[in-house]
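Engineer: I'd like to ask you about the structure that follows.
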Amino acid sequence: MNLILAANPFTPGQTGTPEAVLFWILAPLAVLAAVSMIFVKKAVHSALLLAWVMITLAIFYIAEDAPFLGIVQIVVYTGAVMMLFLFILMLVGVDSSDSLVETIKGQRVMAMIGALGFAVLLIGAIGRSYTGFAGLTAANTDGNVEGLAQLLFTRYVWAFEVVSALLITAALGAMVLGHRERSSERPTQRELSILRFRPGSKLPGAPLPNPGVYALHNAVDVPALLPDGTPDPSSVSRVLKARGDVLDTKAFEMHTIEEGEDESK
Amino acid sequence: MSEVQQLLGNDPGWLTLVKALIVFVFAVLMTLMSIWGERRIVARMQMRLGPNRTGPFGLVQGLADGVKLALKEDIIPKAADAVVFVLAPIIAATTCFMSFAVIPMTGKVKLFGHETTMQLTDLPVGVLYILSIASIGVYGIVLAGWSSGSTYPLLGGLRSSAQVISYEVAMGLSLVAVFLYAGSMSTSDIIDAQNKIWYAIVLFPSFVIYVISMVGETNRAPFDLAEAEGELVGGFHTEYSSLKFALFFLAEYVNIITVSALATTLFLGGYHALPGLTFTESWLGGYFTFFWFLAKVLAFLFFFIWLRGTLPRLRYDQFMKFGWKVLIPASLVWIMLVSTLRVFSLQGTSRAYVLGFVVGAILLGLGASSIYDKTKKRKAGEVAALVYDAPDFAVPQLPMSVSTFVVPSAAASKESASE
């Protein structure tokens, strides 16, 4: 018996009122999201709409007495797969929209064949369930999770292992493609700090000085003054220097008394 | 179907609504109090006083801050994607409350004349449900980072999504041992299974891995890399202000409370009393069990605050390495051990076999660690070869010689400038 809808018992094969209400609210939303997923311009919006479709599917599964399937749908698809998708899309930036140029040759034909194959598979699977229909109560006798586990690890163990081998191969392939051999050992923190203090080292032993002339002009575009009054170039960001946005320190330098008098004349 | 599931199945609709309201109010109140508590306790750890002006002991400081935050100007940056920018905090704040639905807070009690337990619903896959809700909650953070249309939030969002996904793997693996021992994934069954002894003791490694990964999962210090203010300003919420920021704030604290409550449920016996004090469970018509639940959750909250007061933030690459190369393999090995032992105990294998297996496993572990140490020692030798001669200038020079390197160059530059 379903726990969420436990207060409203219904006979198997018939849709209960709460289930119908749930369906008629969520199904149009899911369809709308699925359709607009194709038509929205930004890739991230598409991804979000797809995530919403997946969540509604999960809610349907749970309402149909398959709580484990519903939850796993959210954890795996919404939580992991879509999140990775989003992760990549985010790197593209806010304003970019999808390029509609097809880069793979024969993409459409291949997609058509794939869709056709998938449709045949779906029709076959759903059609078969009409002949050998055991019913939910029979499937959930030992509990929903236990029933699934029993099927997965006895009858379908071979398919399960093959799929996992395929996934592991794909993951390994991705790792091999993404792997980059280091030509030399990476220096450790200890080695780096030893290097910093060696004579003639170009790395600074201490953090770089902050920009700005204390008390007169503390912005990042003015180099700090060394004790002798000369500006320290290492205190200003390289970016600002390249842009030519660095101010002259002249106006902010403090003068010794004699020099100040000399210059005022 | 367990007793609790039957009890909850008989709840009338209005009672479920009342309980939902209670859960919501509890989470919000806990948030306000834990913000106050955190500030006071961290202050005490840093030899300060903390907020002590608003109300007795500064108790309503959280409320005052919340009102102030709500009255601030609400800004949506020009570069932001407005729809997603508004959606993100809503996702973060709604999902954090949802996971509380399956947390049992008391034993059997009477509420408005109905016998029930303080738990909204009990799913046979309750713990997985919490994990799934947490994975939706990440969307809030990620989308906030992306939709702000600015660099630091994007980096913060990327970091936190990577972080939460990796630590959710470790967290899920640490829960597997609990499922194996309890024989169920429903929260109430897991609590019942701990009647004899807490899983924190039986499954100590799992408990440790869970506690570490729950800190990583909630983006809290020392794992708060998503909002490392020294590197990323505010991280994913840099561009947020007013109520939207308040929602993120709320979500963070409710998440902390949720993971603490989950840890209590899975490892510390939930609402049950400490061993030896079980007679207290019938006090106040069973409502006293709520005190035990609250005490355990508060202990975890204190632990969170203690961590924040003690540990410096980790470097990002070290943090990810720790998750993938230490926590996940360690929990995989542990799960294999636990499942083998579980099969032994279910089959009634003789003590000698079990002992032999345990000793064998320990020896194998020691052997592996000694081999690992040997490879490490070889590396240490390589580093020793890299140690250079003592540097000439490791310390600043004495003040007497300072004049020799500054004054002449200054005079020269001044002269050249005046010409």
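Engineer: Which of the residues that make up the range B:273-323 are open to solvent by less than 20 Å² (accessible area, probe 1.4 Å) and not in a helix (DSSP H, G or I)? Lay out the reasoning, then the answer.
Structural biologist: In the first step, residues of the range B:273-323 are kept if they are open to solvent by less than 20 Å² (accessible area, probe 1.4 Å); the result is B:273, B:280, B:286, B:289, B:293, B:296-297, B:300-301, B:304-305, B:319, B:323.
Within the range B:273-323, just B:ALA273 meets the criteria.
Engineer: Here is a follow-up. Provide a single number: the residues in the range A:52-90 that are more than 11 Å from chain B (Cβ to nearest Cβ) and open to solvent by less than 30 Å² (accessible area, probe 1.4 Å).
Structural biologist: Residues that pass the stated criteria total 3.
Engineer: Just name the residue that is nearest to the other protein chains (Cβ to nearest Cβ) out of those in the range A:223-237 that are over 12 Å from A:LYS250 (Cα atoms) and open to solvent by 40 Å² or more (accessible area, probe 1.4 Å).
Structural biologist: Checked the range A:223-237; the qualifying residue nearest to the other protein chains (Cβ to nearest Cβ) is A:PRO227.
Engineer: Inside the range A:35-51, can you point out the residues that are open to solvent by 30 Å² or more (accessible area, probe 1.4 Å), touching a helix residue (DSSP H, G or I) at 6+ places or on another chain (Cβ under 8 Å) and more than 8 Å from chain B (Cβ to nearest Cβ)?
Structural biologist: Listed by number, the residues that qualify are A:SER36, A:MET37, A:ILE38, A:VAL40, A:LEU49, A:LEU50.
Engineer: Given the condition basic (Lys, Arg), outside any helix (DSSP H, G or I) and within 14 Å of chain B (Cβ to nearest Cβ), answer yes or no: does some residue in the range A:188-198 qualify?
Structural biologist: yes
Each row is one residue, and each column tells you yes or no for (1) within 14 Å of another protein chain (Cβ to nearest Cβ); (2) within 30 Å of A:TRP52 (Cα to Cα); (3) part of a helix (DSSP H, G or I); (4) open to solvent by 60 Å² or more (accessible area, probe 1.4 Å).
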position: A:VAL101; (1), (2), (3), (4): no, yes, no, yes
position: A:ARG108; (1), (2), (3), (4): no, yes, yes, yes
position: A:ALA119; (1), (2), (3), (4): no, yes, yes, no
position: A:TYR130; (1), (2), (3), (4): no, yes, yes, yes
position: A:GLU146; (1), (2), (3), (4): yes, yes, yes, yes
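Engineer: In this structure, is B:ALA43 free of Cβ contacts under 8 Å to residues at least 12 places away in the same chain, in contact with a Leu (Cβ under 7 Å, 6 or more places away or on another chain) and open to solvent by less than 50 Å² (accessible area, probe 1.4 Å)?
Structural biologist: yes
Engineer: Another one. Search the range B:53-100 for residues being polar (S, T, N, Q) and surrounded by fewer than 16 Cβ atoms within 10 Å (Cβ to Cβ), and hand back the single one that is farthest from B:ILE133 (Cα to Cα).
Structural biologist: Here the residue is B:THR54.
Engineer: Now a separate question. Looking only at the range A:185-207, decide whether some residue is within 32 Å of the chain's Cα centre (by Cα) and either closer than 30 Å to A:ILE71 by Cβ or of a type in the set (Gly, Ala, Ser) (or both). Walk me through how you get there before you give the answer.
Structural biologist: As a first pass, look at the range A:185-207 and keep what is within 32 Å of the chain's Cα centre (by Cα): A:185-189.
Checking the rest, the ones that are also either closer than 30 Å to A:ILE71 by Cβ or of a type in the set (Gly, Ala, Ser) (or both) come to none.
Within the range A:185-207, none of the residues are within 32 Å of the chain's Cα centre (by Cα) and either closer than 30 Å to A:ILE71 by Cβ or of a type in the set (Gly, Ala, Ser) (or both).
Engineer: Determine which single condition A:GLY200 fails, assuming it passes every other condition in (1) open to solvent by less than 60 Å² (accessible area, probe 1.4 Å); (2) on the phi > 0 side of the Ramachandran plot.
Structural biologist: Here A:GLY200 meets the rest and fails (1).
Engineer: With respect to the numbered conditions (1) open to solvent by 50 Å² or more (accessible area, probe 1.4 Å); (2) touching a Leu at 6+ places or on another chain (Cβ under 7 Å); (3) within 29 Å of B:ALA263 (Cβ to Cβ), which one is the sole condition not fulfilled by B:SER34?
Structural biologist: The failed condition is (1).
Engineer: Another question about this same structure. Inspect the range A:214-222 for any residue being at pLDDT 80 or above, over 28 Å from B:ARG315 (Cβ atoms) and either open to solvent by less than 50 Å² (accessible area, probe 1.4 Å) or not polar (S, T, N, Q) (or both) and give the result as yes or no.
Structural biologist: Looking for residues that are at pLDDT 80 or above, over 28 Å from B:ARG315 (Cβ atoms) and either open to solvent by less than 50 Å² (accessible area, probe 1.4 Å) or not polar (S, T, N, Q) (or both), one finds at least one in the range A:214-222, hence yes.
Engineer: Something else now. Return the total of residues in the range B:131-164 being more than 16 Å from B:PRO89 (Cα to Cα), more than 7 Å from chain A (Cβ to nearest Cβ) and without any contact (Cβ under 8 Å) to a residue 60 or more places away in the chain.
Structural biologist: Of the residues in the range B:131-164, 2 are more than 16 Å from B:PRO89 (Cα to Cα), more than 7 Å from chain A (Cβ to nearest Cβ) and without any contact (Cβ under 8 Å) to a residue 60 or more places away in the chain.
Engineer: Further question on the same structure: Taking A:SER264 as the residue in question, decide whether it is among the small types (Gly, Ala, Ser) and modelled with pLDDT of 75 or more.
Structural biologist: For A:SER264, the condition - among the small types (Gly, Ala, Ser) and modelled with pLDDT of 75 or more - is not met.
Engineer: While we're looking at this one, here's another question. For the range B:102-130, which positions are facing chain A (nearest Cβ under 10 Å) and in contact (Cβ under 8 Å) with a residue 60 or more places away in the chain? Outline the logic, then answer.
Structural biologist: Taking the range B:102-130 and keeping what is facing chain A (nearest Cβ under 10 Å), we get B:121-130.
Within the range B:102-130, B:THR121, B:ASP122, B:LEU123, B:PRO124, B:VAL125, B:GLY126, B:VAL127, B:ILE130 meet the criteria.
Engineer: Can I ask one more? Going residue by residue through the range A:150-167, is there one that turns out to be in contact with a helix residue (DSSP H, G or I) (Cβ under 6 Å, 6 or more places away or on another chain), among the aromatic types (Phe, Trp, Tyr) and not assigned by the TED database to the domain that holds A:TYR61? I'd like the intermediate steps shown before the answer.
Structural biologist: First, pick out the residues of the range A:150-167 that are in contact with a helix residue (DSSP H, G or I) (Cβ under 6 Å, 6 or more places away or on another chain): A:152, A:160.
So of that shortlist, the ones also among the aromatic types (Phe, Trp, Tyr) come out as A:160.
Subset that is not assigned by the TED database to the domain that holds A:TYR61: A:160.
Within the range A:150-167 (the criterion being in contact with a helix residue (DSSP H, G or I) (Cβ under 6 Å, 6 or more places away or on another chain), among the aromatic types (Phe, Trp, Tyr) and not assigned by the TED database to the domain that holds A:TYR61), the answer is yes, since at least one residue qualifies.
Engineer: Being closer than 16 Å to A:TYR61 by Cβ and surrounded by 15 or more Cβ atoms within 10 Å (Cβ to Cβ) is the filter here; which residues of the range A:24-34 pass it?
Structural biologist: Hits for the range A:24-34 are A:LEU26, A:ALA30.
The values are calculated or read from the model by the stated rules, or taken from the named source; none is laboratory data. Quick caveat, the model's predicted, so the values are computed rather than measured. Neighbour counts are summed over all protein chains in view; Cβ atoms, including those assigned to glycine, are modelled from backbone coordinates with ideal geometry. Ligands, DNA and RNA are excluded from the accessible area calculation, which covers all protein heavy atoms including side chains. Shrake-Rupley method; radii C 1.70, N 1.55, O 1.52, S 1.80 Å.
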